[in-house]
Every structure is written in structure tokens, then in C-alpha cells.
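The values are calculated or read from the model by the stated rules, or taken from the named source; none is laboratory data. On a predicted model such as this, the values are computed, not experimentally measured, just so you know. Don't worry about glycine lacking a Cβ; one is built from the backbone with ideal geometry, like all the others, and counts go over all protein chains shown. Just so you know, the surface numbers come from the protein's heavy atoms only, side chains and all, with ligands and any DNA or RNA stripped out. Shrake-Rupley method; radii C 1.70, N 1.55, O 1.52, S 1.80 Å.
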Amino acid sequence: MSASSGDREPGVLQDNAKEDSSGPPCAGESSKHDSVCTGSSEIKSRAVVKYCAAPPPTSYALLQEKTDLKLPPANWLRENPQLGSAGTTVLGSSSKSKPFSSFGMAYEFIDCIGDDVDVVSDSENIKKLLKIPYSKSHVSMAVHRVGRTLLLDELDIQELFMRSSQTGDWTWLKEFYQRLIDQKWQRKKKSKEHWYQKAILSKFLYYSINGDGAAEPVPDNPNDGEEQSEAEEYSSSWPTAFTSAASDTEESDAPKQGSVSMDSQFALGQVTSVPKEQNLQMLFDEGENSQGLRNDFVRNIMWTFEDIHMLVGSNMPIFGGGRYPAVSLRLRDNNKPINILTGIDYWLDNLMCNVPELVMCFHVNGIVQKYEMIKTEDIPHLENSNFSTRVVKDIAQNILSFLKSNCTKEGHTYWLFKASGSDIVKLYDLTTLCEEAEEEKCQNPFTLPVAVLLYRVASNLMLKARQNRKHYGTIRTLLLNCVKLLDEERHPQIIASAHYMLSELFQLDEPPEEDEGESLRAGGSEDSYSDEDREEEEELTEDSDENGSYGSCSSPQDDSKAVAVIRSVGELSVPEKYKSTHQIRPSGVFPVSQDKEERCRHVLSYVLKGLKAVDGTIKKESDLPAADPNTPIPLKYEDRSAIGACAAEQGISLLLERGQSTVHNQKLPTRSGMIPGSWQHRMKLQLFLKASKAYYVLSDAATNLLKYGRALRYIKLSLQCYDAYCSVSGTLHSHVLQFHSQCLSLCGDIQLMLAQNANNRAAYLEEYSYQTKEDQEILHSLHRESSCQAFNMATDLAMDPEYQLFVSSKCYEAAYELVISEALKDQMAQVLKRLGNIRNEMGVYYMNQAAAMQTEKEVKKSVSIAEQEMWKKSFAFFEKGMKDFEAIGDSTNTALLLCNTGRLMRICAQAHCAVSADQSRGEFSPEEALYYNKAIDYYSRAMKSLASRENHPAVWDSVNWELSTTYFTLATLLQDYAPLSRKAQEQIEREVTEAMMKSLKYCDLQTESARQPLYQYRAATIHHRLASMYHSCFRNQVGDEHLRKQHRSLAELHYSKAVCLFLSLKDAPCELLRTLLERVAFAEFTMAGQSSNAAKLKSLTGAVEIMAETRCAFQLIHKELLEEQIEVQMLSEPDAAESAESPNVVGGSASGLNLQEVMKLIGVFEPSFSFLLLQLIKLMTTMKRKPSNKDEEQLKTYRTVYSKLLRAEKNAPLLSRVELHIELLQQLTPQTGSDNTHS
């Protein structure tokens, strides 16, 4: 008896397995693409042995004439690998194909199933199908579909119905058969002739084995010339195979190795052992493996017949002999000629096994008569057995097309049935019939093997899908159909694993590529491979009783239960009569959505189903044993009753508790009663982690949509899943810890965004509180393993921004600890950047709090302790943040934090502002100077960190501006509130000048940017202030004439630069007017110190020229006043009533002109202008020298202007006064211009 597939010796497999199609032609296989010629037509046939348990064929023994086969040989029924099961089981019930034989082959060669192979079956079933048009015998086969592969198994009605009384499995089918097919069914006993023929065939095969004295060997040929060739012909050899190379062996071993790795991959132990759960062995009393789920064939062959690819199991004994080293032996009764059925049998057997010749032994009443050798290609032309191979090919193609067109539902068991003597072939869907039956115990015994096969094919494809996603649709269809077939209570392991694999199909970490639309086409609907509505075969309508008998010669009747009908077996011989209407790969598209949320929801739905399947196998909580009152319960968490930061500090330690890479190895059952290492334990680990990742992706997507309440809810669920994972897992691998650090980082991001968007808190709270039923059910499953409270602190929605920032920083810190402990260098920079950022945010928060305290103080007192605490906190966070950014070499962010620290120092300086007794601003204090200098130091470090503007222009410009501002503020305070009680005037002037010049140095007047006008205004203001200071020094300086001259020249220089800059701005008329008036006053003061009339005249003329320049300032003021007037008029119109209510209606122009300042400056301008003209008129009138004509004209102009100025209405509107000044100054301009030319 042959060794079964499970315990075949590896050595035998390596020696005989052959699957290489690239080698030279070998014994028994003249070519890999063998063909059989039949006259003018040619049939393509190719056979490759995938696996063989038999040794290479030995030469057979030629029995002597008159050998009596009725007498048993000495070795009869002894186990012999050469014969395999063909010799030992011919008398037993196992001669029949087992109902699950194709599944055994499918399990072993799982790579072929679903795509590469059209049919998997026993060779006997193939032959029976191809002989349908020629044979009157009945046909009964079970058909199952997996992908594009059909599995065919003999459904022995008599055998099954006989057993139904024991198992009850087939009762419904027996009743259906009796009702519609054979009302008077009874078991038919086989004749004595049948058993007689079986016995002499068995004895003949044992006689033919050369050895053990079974029979005499073939006598040597007396012809010496042929001795060598004869020896070669009878030498031991093997059809279709020669000594395998290493690659061949590996290829043959692949199916077995693949199944093992696959099962461990998807946490489903040895799937082959699972069917025992259903007690399939009760079908046959033949030992533990009688359910037929093992591959018991001597050889498995990949047979390609024309365009049909079949995986065939064969037990035909093959011997050496003839001109080819492979022949098949047949025993024939000489009195009975070979008929077509026998010829087709012999021909197909030889084609399938690639045997080139047939040796036929003829006997009469068991007495050997003669031998005859026939070539395989000659078999179709034998006398009385003449048949067309082309017709056989057409029959094969028609039957395959018929089955593929109608057996469309995966997981369904179809029954192909032809009654004895009938020409009608019917196809029934037994799964549907079973579901329609009323009895509760209706069960289809094929269900579990089919489900397991669907699962294993999907598992195998899953491994390929890692490289190619085109299989996803197929895998989904296979798994959904697998789950449909199984009872959750009886097969939770397969169901849970299938749902986990379904969840794995949805890629969460990467978006689907745009060009993958075609590659994802597969799968279609859950159970159908053709979405087209197929027209049913016309039903046979014959007048007959509904309960009519379907005996051996019964007439056809109406049978609405049949899925499809072949009305006459003769149709099978018509070429392409039945064309396959199914699509080998249907056009249904695997639902890969671009929407991340939709993909994650699919994943979570499958995870939930998987968890339910696992939970159903674990003891319910009420069934758990009661706790021992003397044993403390090891609670992992404590309730945090304390409030505030202290409670948060306690809670945050739990973030790190879950970050240990190795927890103690669990040996005790988990909280729900799971045993560590069990399939439930392994499956829950996978499902918890998958759910955690799905929620993480959902949270990330919600964050990108700015839905921070929803994002926090999802990250909370993700961390709860992770918490449950930690409670169940004994060891946390680095990839899991890496994912955990990503979760904590995202949680930190969300809390930070919540803190920054406090205005939308109500909307966020509503999003956070919402929960779907699916989420609740997953949470319920999590609570079976863990209290899920470890991350409550991190994921609660707080109302306090400070607390949210604190939580965010703690999340980042925990993520950083994980990254350091696992040396995850690729994540180090990312986490450190987040840490630096949150520390900057917290520093800014406390800095703003300190600034707010400062502005809220009604009376300026000494610095409060609360303010100092805020400064310390802010400074500490800035320092930490700088270290984080420096650690990753991020100079830009380091510069930003240095800049923020500088701003903090300025806030500290402002807080130390001295206040005198009358609440007025006191002198510039040394504390202010200290903090401003610290600020300057931090800004300078920031500039140094950036190195150059090219590295980051925006940050560089910002720091540059702040540094200029700080110098300017320092100088302004020193100048306006000079600390004369501590320092000499000269020292203060030097410090002011130094600070102003440094501020001027950082005023970037060249680069075009939004800040350029601000820089110009500041530079003009600096020159104006310096000019004013030197003006003041010149007025107050007594004695040192050299120093006075220096101050005078510096004042002139800075006044001229200030005027030029204010003129270029076009939007600072008040500042320009003030500067010019100060310059006129400076000229007047200079004139007052002069004694000669000529010098005075020159000074006065110069002053008038400066006064004439004020025309530009007045023109700008006039323009703005006009714009304001027009705007007021527009707003006062009736149709603009709504606009008039706008709060933007002001007492100044749209550009922000300060009218009070204008009035004040005009109040200075008019007397100054009047004084200058008067002095000039007096001086020119009293001149001793005779005036020239031009002097007289000039004097006349001065008098005219002076006269108009005196007569001007003092209470006239501002616009009128400004227009008058412009007119008067206009009159002076050509005069001064010509005078300048003249002089």
C-alpha cells in the first residue's frame, strides 16, 4: 500500500519529484510539449509530474503462456510501492474515489489553486466525464469553485445514502433524490463477476512484478545484436522525470513549506487538522484520515490537454519495458473485444501519465494467452475501439465551459448528475437545496473542506499580495465566501483569522497609487464570478407525474431545482456548443477608496468581527473563577483622585510604563481567561494592533482636516487598543514601540492644536463626545483584557490651554524616551523637533502670561513674584527647546527660540521700569539696561546661529528687525529718560549715539520687503533724534568752540538725512514738518549768535529756504485732508446710511493723519514763518548798500507774503489755512530758487 502524502519519505520525494520544464527530453517524456497525432488532426497534451510516492518503474515480468491468474502469487496483497494502492485496494471499498480527494491535492499544491489550474480531480473522474456521450452509466460528481479552479469529486450516492442513517449528514439529499430522481431507490449490490475481475487483475499485477519468485523474468533475446538495446528498454527508469536538481526539489517542497509559513503568518495552526472538528471521519470508518483530506494518490500530475490545465491524481502502475522505458499494463479477456469506453480509458490514462506505450495481456478464463504492445497514439484506431480524439477534446472543452458558466458561486457545492441510461445531464446547487430544507440538522459535509480551501488559497495569495496588489480583489472574495460557509461557534479560529486577513487588505500606511486602478480589478461580488444575468437553459417539459421515477431508463421530467441542464449528451460532441459565459477574472473592482476614513472603517469592521469570534471562545466574564480573598489582585492602574499638575505627573508615568520593550513573560491567563500562546492570544494581539493602527490613521486624517475633537477621540481609541495589546502581550517588539511613539507624537500634536484653537472648544467637545456603535463594541472587547486607562490623562479633552500644552509636552517626552530606549534613529529628529516646538510654545505661553500681568497692573509697582515665576518657567522652556534643536542641528529653529528669549528679556526690562512718586515715568533704571543688553545678546546669538540671510531669509529679517528695535528702544529710553542721577550728560549722549548707530546699522534700507518702509521710517527717526540731541548740545554747550562746531555740523548732517528719508516715505508729513521746523529753529539760533548783518542775512535766507521745503509736507497734509473730506461727504449721503454707522468713521483721514498734531505744528509754523519774514524785511530795509533790482523784487515778495500771513483768518478751517500756506510758500520758492542761483 502506498505511503500517504503526510508521511512520505523526503528521500523519495527528492529522487522522484520533477517539475522542471526546461530540461532535455527524458525517459517516458519525448518532449515537454507532447502531442498525439490522429490522422490529419493533432491533440496537444503535456504532463508534468508534480509529486510521486512510487519508486522509478522496474521492468515487468512477461508471464508464461498458460499461467493461471486465478491462483494467487506468493507475494499477493503484500505492500509494494511499485503498485501503490492499485494492487492492495482493488478488493476494498477504497477503490472508489473519496469524496474529498481533490481537496487533498488542492491543499498540497495550494499555489496552483485559484488561478493557474482549471480542474483538480482524480483521473478516474476526468475519464468518466469525457466518456459521458459514449456511456450509459450514471455520473454523480460534486463540483466546487475556487477562483477559476473547479474541484471535482465523485459523489457516490449509494455509499453516502447508506451512511446517512449513521451520520444524518445526507438525509436531506437522500429525500431530494428519492422525490425527484429515483423514488424507489435501494442499494444495488455488485455482481460476482465484478469482484472476480478485480481479483484476477490484482493477481496479474503481482505476478508482473519481477522479483520475490512471483514469476519468471522475460527470457533473454537470442539475437545478440539486440541484447544491448533490449537491456536499455527494460532498464529501470521513470516517466517524465530524471534525477532532480536542487531547484526541482525545492520547487516540489514549496507547497508544503508554504502552507506552514502561511498558517503561522495568519495565526491559524495546522489547518489540515481543523476539519476533524466536524467529525468528517464518520463518513467512512477507515481511520483518522478517512475524511479524504490527504493526498493519497501515488502521483500528482499537471496535465495540459489542449488549453485545459488540470491537476490530476493517478494510481496507475507504471512499469519499464518496450522501446520506451515506461509502459502501462492492462489485462483483457480475449473473448471480449476492446470497446470505445475501454479505449478512451487506456488512451487518457497514458496521456495523463505521459506513458508512450501500452502492454496488453490477453487471458481466457484467467489463463494467460499472449501479450501485445500498442503505442499510445495508436489506441484511438484499434479495431472495435475507433474514436476521434478531436471529439474527446471537444467534449472536454464543452464540459468545462458548461461547469464554469454555471458553477459561479464560490463556497457552494454543485452536483453534476446523469442517471443510468439517460441522455440528460443536470447540475444542482446542493448548498441552496440544503438551505431550503426544513430540518434543523441539514448540513453539507463539503462545507468545511471548501471553507478551509478558500482560506488556504487566500492565505497563499496574501503572501504574493505583499509584492503585487492585483490579488486583493480575489483574496477578499475568497475570504468573504469562506466566512459565509462557517459556523462561528464551531470554527472561530478560521473566521477570526479570515477577518484579520480581510483587514490586512486595506493599506493604512500608504495611499493607493493612481495607476493601480487596473491591477485592483478582481473579486466582483462576494460570491459570484459573473455579474451578467445568464439565461437559464430551457427546462425540459414532458408530461409526467411530479413524483415520477428516474430509474435507469426513466423519462425526463420538469425539474425546476436544476441550475442548468444538458438536454442531450450528444451536444457535448459539437465543437464549442457550450461557450463559457463567465469571466475568468470578473470586472468587479476591489473597493479601495481614496478616502482614508472609509478604508479605516472597513478595517475596523473586520477587526470587530474577528474579536467577536475570538471572544466567543473565551470564558465569559461571569464564568471566570471567583477571586481568592487572601490573594491581592494585581491592579495595573490607580485612580488619580488628586487634581492639578501633581495628578498629571502621576498619570504621565503610565505613558512610559507602556514603553518598556520587555515585560515579564506571562504564563498566567489574561484578564479574560486567555492562555498566553494560544491561538486566541496570538489573534487578539494582531487584531488589537491592527485596530490601533486604523484609529491612528483616522486621527491623523482628522488632524489634517482641523477636526481636533474627532482626532483626539480617535487617538484615544488607538491608545486604548495599544493598552489592551500591552496587557495581553508578553514582549513588545521594536516595530510596535516605534508605532507607539508615533501615536504619542500625534496625541501631542492634537493637544497642542487644541490649546492653540481654544475658541472652537464647544465644537471640539461635541466631536470628542460622539461615538459609533462599532467603536463601542471594540471598546467592550478591549475591556475584557484591560481597563484601558493608562492613557486617559494624555487623551482627555481639558478646558485649560496650559494643561493641554503640559500634556502635549509629556506625550512628546514619552515618545522621546521610547525612541532613545529602542535607538530608533530615524524618528529621533522628528521627535526632538516636536519637543523643541512644544517647549517653545510653552515658553511663549508663559511669556504672554507675564506680559498680560504687566499690562493689567493699574499702578506700576515692583515686580510681583507671580511675574517672576512666569519668567522663570518661560526661560526654562526656551532653554530646553534650544537644546533640542541644537541636538539635531536645526539652526533656524534655534534662532527663533533665541529670538523669543530676547523678547522675554525685553518684557523683563519693561517690568523693571521705574515709576516716580507722581506716577510719571522715572529715570532709565540699571535693571532695564541689564535686560535690554541681555535681549541684544540673545538676538546677536540668533543672527550668529543663522550665519547668513540666504539660509532662511524670513527668520533672518525677523531677528534683524528685533535687534534693530531693541537698540532703538534702548537709545530712546536713554535719551528720553536719561539717568542723570547716575551718569554724566556726555556719557549718556555717547551711549545714546552708540545705540542709535547700531540700530541704524541693522536698518536694512536696500532689501525690498514689507518691512522696508518701516526701516526707512526708523532710520529717519534715528537721524531726527540724533539731530535733535546735537541741536540740544549745541545750544547748551558753553566754552569749547571746537565741540560746538562739531555738534553743529553733526546736527546739520542728521537733519538733512532725516529730511531726505521722510521725503521718500510720502506718508509721514507731520514728522517731515516737525524736522524742518526744528531745522529752522536751529538756523534761527545760529543767527542769534551772529553780529554782522551780512552773516545774519545769509542765515535768515537759509532759514527761509528750509521753510520753503515745508511746502512738500503741507501738500501731503492737504492731499490727506481732501481725501478725508471726500470720504465724509460720501458717508453723509442717504444711500450710504448703513456705511455711516460704521465705526471706521474717524476724526482723521483714512491714512491716519493726526489732526491735533497738525494743528500743533501749524501753531509753531505760523509765528516762526512770520518772525523770519519780519527779520528779513527789517534787515534788507536797513541795509546801507544800495539794493539791486532783484533785491527790491525779493523784498516786495517778502512783504506781500508777510502781509497775507498777518491778514490770514486765525479761525479759518484747517484746509483753508493749509492751502494758504502752500500758496505763500509757492510764492517764495521761485524767489529763493533764483536767489540761490544768484548767490
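Looking only at the stretch 870-912, filter to residues that are open to solvent by 30 Å² or more (accessible area, probe 1.4 Å) and outside any helix (DSSP H, G or I); which one of those is farthest from Glu950 (Cα to Cα)?
Restricting to residues being open to solvent by 30 Å² or more (accessible area, probe 1.4 Å) and outside any helix (DSSP H, G or I), the top hit is His912.
Please pick out the residue among Ala794, Ala829, Ala790, Ala823 that is among the hydrophobic types (A, V, I, L, M, F, W, C), closer than 30 Å to Met674 by Cα and within 26 Å of the chain's Cα centre (by Cα). Write out each step before concluding.
On the way: Ala829 fails: closer than 30 Å to Met674 by Cα; Ala790 fails: within 26 Å of the chain's Cα centre (by Cα); Ala823 fails: closer than 30 Å to Met674 by Cα.
Only one candidate passes the filter, namely Ala794.
Would you pick out the residues in the stretch 405-432 that are under 37 Å from the mean Cα position of the chain (by Cα) and among the polar types (S, T, N, Q)?
As a first pass, look at the stretch 405-432 and keep what is under 37 Å from the mean Cα position of the chain (by Cα): 407-412.
Within the stretch 405-432, just Thr408 meets the criteria.
Going through the stretch 935-961 one residue at a time, which ones are open to solvent by 40 Å² or more (accessible area, probe 1.4 Å) and assigned to a helix (DSSP H, G or I)?
Residues of the stretch 935-961 that are open to solvent by 40 Å² or more (accessible area, probe 1.4 Å), as a first pass: 937, 940-941, 944, 947, 949-954, 956, 961.
Listed by number, the residues that qualify are Asp937, Ser940, Arg941, Lys944, Pro953, Ala954, Trp956, Trp961.
Looking at Thr993, Thr966, which is the one that is within 26 Å of Val915 (Cα to Cα), open to solvent by less than 50 Å² (accessible area, probe 1.4 Å), part of a helix (DSSP H, G or I) and in contact (Cβ under 8 Å) with a residue 60 or more places away in the chain?
On the way: Thr993 fails: in contact (Cβ under 8 Å) with a residue 60 or more places away in the chain.
After applying the criteria, what remains is Thr966.
Conditions tested, residue by residue: (1) in contact with a helix residue (DSSP H, G or I) (Cβ under 8 Å, 6 or more places away or on another chain); (2) at pLDDT below 75; (3) within 14 Å of Gly421 (Cα to Cα).
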position	(1), (2), (3)
Glu546	no, yes, no
Gly551	no, yes, yes
Pro556	no, yes, yes
Ser560	no, yes, no
Gly570	no, no, yes
Ser580	yes, yes, no
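If I go through the stretch 1191-1231 residue by residue, how many of them are charged (D, E, K, R), farther than 17 Å from Val1104 by Cα and in contact (Cβ under 8 Å) with a residue 24 or more places away in the chain?
Qualifying residue count, the stretch 1191-1231: 2.
List pairs: first residue in the stretch 401-430 and on the phi < 0 side of the Ramachandran plot, second residue part of a strand (DSSP E or B) and polar (S, T, N, Q) anywhere in the structure, Cβ distance under 7 angstrom, at least six positions apart or on different chains.
Final answer for the pair search is Thr408/Ser528; Lys409/Ser528; Phe417/Ser140; Leu430/Thr413.
Applying the selection to the stretch 1187-1211, what residues are small (Gly, Ala, Ser) and open to solvent by 30 Å² or more (accessible area, probe 1.4 Å)?
Passing the criteria: Ser1188, Ser1203.
Could you pull out the residue among Leu416, Leu427 that is assigned to a strand (DSSP E or B), farther than 30 Å from Asn354 by Cα and open to solvent by less than 10 Å² (accessible area, probe 1.4 Å)? Walk me through how you get there before you give the answer.
Values: Leu416 fails: farther than 30 Å from Asn354 by Cα.
Testing whether each residue is assigned to a strand (DSSP E or B), farther than 30 Å from Asn354 by Cα and open to solvent by less than 10 Å² (accessible area, probe 1.4 Å) leaves just Leu427.
Only one of these is free of Cβ contacts under 8 Å to residues at least 40 places away in the same chain, open to solvent by less than 10 Å² (accessible area, probe 1.4 Å) and closer than 30 Å to Asp68 by Cβ: Asn334, Asn350. Name it.
Asn350
Look at Tyr932 and say whether it is surrounded by 17 or more Cβ atoms within 10 Å (Cβ to Cβ), closer than 19 Å to Asp976 by Cβ, hydroxyl-bearing (Ser, Thr, Tyr) and in contact (Cβ under 8 Å) with a residue 12 or more places away in the chain. Don't jump to the end; show me each part of the working.
Working: surrounded by 17 or more Cβ atoms within 10 Å (Cβ to Cβ): yes; closer than 19 Å to Asp976 by Cβ: yes; hydroxyl-bearing (Ser, Thr, Tyr): yes; in contact (Cβ under 8 Å) with a residue 12 or more places away in the chain: yes.
Here the answer is yes, as Tyr932 does meet what is asked.
What are the residues in the stretch 1160-1201 that are assigned to a loop (DSSP other than H, G, I, E, B) and of a type outside the set (Lys, Arg), if any?
Initial filter on the stretch 1160-1201 (assigned to a loop (DSSP other than H, G, I, E, B)): 1182-1188.
Answer for the stretch 1160-1201, where residues must be assigned to a loop (DSSP other than H, G, I, E, B) and of a type outside the set (Lys, Arg): Thr1182, Met1183, Pro1187, Ser1188.
Considering Val359, Val327, which residue is closer than 26 Å to Pro72 by Cβ, surrounded by 22 or more Cβ atoms within 10 Å (Cβ to Cβ) and out of contact with any helix residue (DSSP H, G or I) (no Cβ under 8 Å at 6 or more places or on another chain)? I'd like the intermediate steps shown before the answer.
Details: Val359 fails: surrounded by 22 or more Cβ atoms within 10 Å (Cβ to Cβ).
When all the criteria are applied, what remains is Val327.
Looking at (1) open to solvent by 80 Å² or more (accessible area, probe 1.4 Å); (2) at pLDDT 80 or above, which is the one condition that is false for Thr1237?
Going through (1) open to solvent by 80 Å² or more (accessible area, probe 1.4 Å); (2) at pLDDT 80 or above one by one, Thr1237 breaks only (2).
Which condition breaks for Lys1096 when tested against (1) in contact (Cβ under 8 Å) with a residue 12 or more places away in the chain; (2) open to solvent by less than 40 Å² (accessible area, probe 1.4 Å)?
Exception for Lys1096: condition (2).
Which condition does Asn893 not pass, out of (1) farther than 21 Å from Asn837 by Cα; (2) in contact with a Lys or Arg (Cβ under 8 Å, 6 or more places away or on another chain); (3) in contact (Cβ under 8 Å) with a residue 60 or more places away in the chain, if it passes all the others?
Against the list (1) farther than 21 Å from Asn837 by Cα; (2) in contact with a Lys or Arg (Cβ under 8 Å, 6 or more places away or on another chain); (3) in contact (Cβ under 8 Å) with a residue 60 or more places away in the chain, Asn893 comes up short only on (1).
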